[in-house]
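The values are calculated or read from the model by the stated rules, or taken from the named source; none is laboratory data. Because the structure is predicted, anything quoted here is derived from the model rather than measured. Here Cβ is always computed from backbone atoms with ideal geometry, including for glycine, and neighbour counts include all displayed protein chains. Calculation scope for accessible area: heavy atoms of the full protein, side chains included, ligands and nucleic acids excluded. Shrake-Rupley method; radii C 1.70, N 1.55, O 1.52, S 1.80 Å.
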Amino acid sequence: MQADNPDVLLDLEEEGEGDEEVDEEVDEEDGESVLELNQVIIPTYGTVPDQQNLHTPEWADFDNKPDSLFFSDGQRRIDFVLVYEDETKMTHKRSNHKKQKRKRQVYESNLINNGLQLEATRSVLDEKTIFVKVHAPWEVLCTYAEVMHIKLPLQPNDLKTRESAFNWFTRLFRVNENIIKPEQEFFTAPFKREHLSNFYIQDKDTFFNPATRSRIVHFILSRVKYATKNVKKFGINKLLDTGIYKAAFPLHDSSFRHLSTDPECPSERYLLYREWAHPKNILKLQPLDFIRKYYGEKIGIYFAWLGFYTNMLIVAAVVGVGCFLYGFFMKDNCTWSQEVCDPSIGGNIIMCPQCDKVCTYWNLNITCESSKKLCIFDSFGTLVFAVFMGIWVTLFLEFWKRRQAELEYEWDTVEYLEQEEQIRPEYEAQCTHVVVNEITQQEEHVPYTACGKCMRITLCTSAVLFWILLIIASVIGIIVYRLSVFLVFSATLPRHVNGTQAIRKYLTPQTATSVTASIISFIVIMVLNIIYEKVAILITDFELPRTQTEYENSLTTKMFLFQFVNYYSSCFYIAFFKGKFVGYPGNPVYWLGKYRNEECDPGGCLLELTTQLAIIVGGKAIWNNIQEVLLPWVKNLIGRYCADARSEKIVPRWEQDYHLQPIGKLGLFYEYLEMVIQFGFVTLFVASFPLAPLLALINNMLEIRLDAWKLTTQFRRMVPQKAQDIGAWQPIMQGIAILAVVTNAMIIAFTSDMIPRLVYYWSFSVPPYGSHSSYTMKGYINNTLSVFNISDFKDVSKPLSPLFGNYTTCRYRDFRYPPGHQHQYEHNIYYWHVIAAKLAFIIVMEHVIYFVKFIISYIIPDVSQEIKSKVKREKYLTQKILHENDLKVVKKTIGKIADKIIEGVDSTFRPKTE
């Protein structure tokens, strides 16, 4: 049969039988019509008989070869496996089982009519489970390779590759080439059957590698019909969703624990586990070409990006650790911290209560420990590191573009989107409206009209905004918690002005509030993530994108918007809002008219932001590893234990793979999301936490091997997919890189105390504003704490506990005139100097970094000259090969015609002989 002929479903009337209905029955699950068993599938060519049975798969028993990848004849390779449960063996029979069986039989018959070969085998461990093995013959592979524009080798690549100057060094970290041999490079071209002789075919069985075969078969499985009514119903995905099939997957080629017993099997899965996924390889480079060969370009490009990102983090981590060590060793020279801890200075400074009524007066020196810690992070090294990271992120993105261009050339995805990408089956199924193409002036089918498209966009945008507002509402809830619980901690924690309890050094109300709020915020983030994932998928499904790339890009944008607000909102609040609008003790600012705004510690909110980042980044890494690795491992362990308890029989390869965990529909989407969220933490708030790149580096080194281990040992083999780049994640990271410059400049200016200290050192420590003869930081604490007369408290905020001793004033963190001044409690000249310095710093820092980023982006081209030359050379040689071969065919054909003409002329003019 021809593989590219469509099928026609014919309703044949049942003759002389009253048991079965002739009419179509309505499916209770999805409302579609199901054809009766006596309906048949007949190709659109040949003689149509009066009655024809459905084509059914061949049946074969397991041949006790656990590593076999072939049908029972040992010749036809298994390209895909479908799994379902036999309804006749089920103890609880439901009314829809009969309809499901009819659908499956129609679907499998259509697969056979499309040229695929099927063989069914009953499970060794569970007799009600049936495995349908799918094989694509040579003709089918050729037909669909042309339909899908798959690039295949023409001839070996003879271009010389220039070795890197660091080749001797990288060789130390590469995989042993004797174990995993380098892939031979070819010139490639989109496959066409008419040019079959031009392609590099040494063996028909190996010309299409297993990944390409599985990709072609999945393409067919996704488009074959199983029922019709007004709208066509087709595709394996729909059958999986309705439970007609339990699973559909390509096979792993061997066990990951040992080599295959089949001598012809390359045991690529075993080699990947041994040389890539095993923890011993944590310092080795990844065999990217081998990963791409086994899993396809989509997974290959993810691990290439993750490996490149991790390597670039090494530089950032080294600089970050250097800045941290600088702050650590310089903390003993931190003058303002020494003043806070000095009993004669900080011990004699009485601070005003930070909340109404229940809060008491307190000594400044109880914040001694936090001020020492703050000296580590709030130092000159932080400024240097923030500038460095602004440049680093640009270098990372620019060099990744170059690396991505190299992979596009090496993996033949340069023109993938224009040539190979197919329309999603879900989109095709909804194409009921007819429109006229403006370019071709021909009719084509679309799923919605222009008005319908506008309605979908409006509804989806509204839904996205609604959920983002819901996330913001949850953040507001956390803020309300912080404001309300601070009162409780202030009243209950041991805080006395002249007390000596050791706990007060560490457990201040600010610290307790910050830590508990961070933990609650983390829990809320994790819970909301689960909800938002489902919401984003529903919205994107409703949008109905045309191609898989458009679908993933749309989903990526929505998910990142959700996650951006979800993960970063609490950090933005602490960095840019907390403690900024608090008023002063005699006239505090109330939030929502009820809750008094939070204040920062005398050292600022930087340390609290660092705590928030450490809890979220660390907790997120632990949570994700538990969710991604531990859960699949436990599920597989339980499955293997149950299987071993039932039987000790030899289990075939397809059944071993069936008991592995299924890969999600979105594949590596969540892996990308996890890493890009981490990328945001590393860049957006790095000025407050210079150790973030080091933690990210350690996490990523483990993440690469854990993801590899998970793919090779715990999950079924993914359907290989093409990918040209990392999709929408690239512009998202570029947006983060631009925003990171602003956030880090604002953290240094508004969250840290670096600018006020510099203003004091250069302007207010010496005359005319200061009394010191030379520039110094002495007196900084006293100068930056304003004075408040306790008799000016309003009744609503006056503390219940009286002030000990004969003190009549208390201090608070702000730059205001003291009581008795003609402008008492108004901002003083120091405040306006600081504001001007902060704004000037932000403008200068942003413009300098943006200018450097622009210069770097301009100097470093996205595609290297070497790759451009290789692409042009390959196109030239490919066209030359195809053209020359076509000329040979034409010359050969013309030569034969000329010979026949000459023979005819000779016979005409040759004298007759009697």
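Data table
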| read-out | value |
| --- | --- |
| Solvent-accessible ranking of His135, His821, His883, largest area first, probe 1.4 Å | His883, His821, His135 |
| Carbon and sulfur %, accessible surface of segment 642-781 computed with the full protein complex present, 1.4 Å | 64 |
| As computed over segment 515-569, the Cα convex hull volume per residue (Å³) | 60 |
| Cα-based Kirkwood hydrodynamic radius, segment 588-734, one decimal, Å | 19.1 |
| Accessible area of segment 104-258 belonging to carbon and sulfur atoms, whole % at 1.4 Å probe | 48 |
| Per-residue HN-Hα couplings for segment 738-749 [Karplus 6.51, -1.76, 1.60; θ = phi - 60°; Hz; x = Gly/Pro] | 5, 5, 4, 4, 5, 5, 5, 5, 6, 5, 5, 6 |
| Low-density loop positions, trypsin sites (Lys or Arg not before Pro), segment 547-580 - DSSP coil, at most 15 other Cβ in 10 Å | Lys580 |
| Compactness index (Cα Rg / 2.2 N^0.38 Å), segment 526-635 | 1.50 |
| Fully extended contour minus Cα-Cα distance, from Val890 to Lys778, at 0.36 nm per residue | 31.0 nm |
| Compactness of segment 783-873, expressed as Rg and Dmax over alpha-carbon positions, Å | 27.8, 89 |
| Solvent-accessible area per residue for segment 632-721 (1.4 angstrom probe, square angstrom) | 37 |
| Accessible surface, 1.4 Å probe, highest first, among residues Ser857, Ser344 | Ser344, Ser857 |
| Cut-off under 5 Å, modelled amide H: who pairs with Leu152 long-range | Ala189, Phe191 |
| Positive minus negative residues near Leu555 (Lys, Arg vs Asp, Glu; Cβ under 11 Å) | -3 |
| P(r), alpha carbons of segment 679-773 - 5 Å bins starting at zero, rounded % | 3, 10, 11, 12, 14, 12, 10, 8, 6, 5, 3, 3, 2, 2, 1, 0 |
| Overall Cα dimensions of segment 732-830, principal axis frame, Å, largest first | 58, 42, 26 |
| For segment 852-894, accessible area per residue (1.4 Å probe, heavy atoms of protein chains only), Å² | 73 |
| Surface/4 of the Cα convex hull for segment 240-287, nm² | 5.3 |
| Accessible area in square angstrom per residue, segment 258-330, 1.4 angstrom probe | 42 |
| Hull-based mean projected area of segment 227-339, where the convex hull spans the alpha carbons, in square nanometres | 15.9 |
| Proximal lysines to Lys103, defined as alpha-carbon separation beneath 17 angstrom and excluding residues fewer than eight positions away on the same chain | Lys93, Lys225, Lys229, Lys232, Lys233, Lys238, Lys246 |
| In order through segment 619-629: 3J(HN,Hα) via Karplus (6.51 cos²θ - 1.76 cosθ + 1.60), integer Hz, x for Gly, Pro | x, 5, 4, 5, 4, 5, 5, 5, 5, 8, 10 |
| Two-decimal ratio, segment 173-233, of alpha-carbon radius of gyration to 2.2 N^0.38 Å | 1.75 |
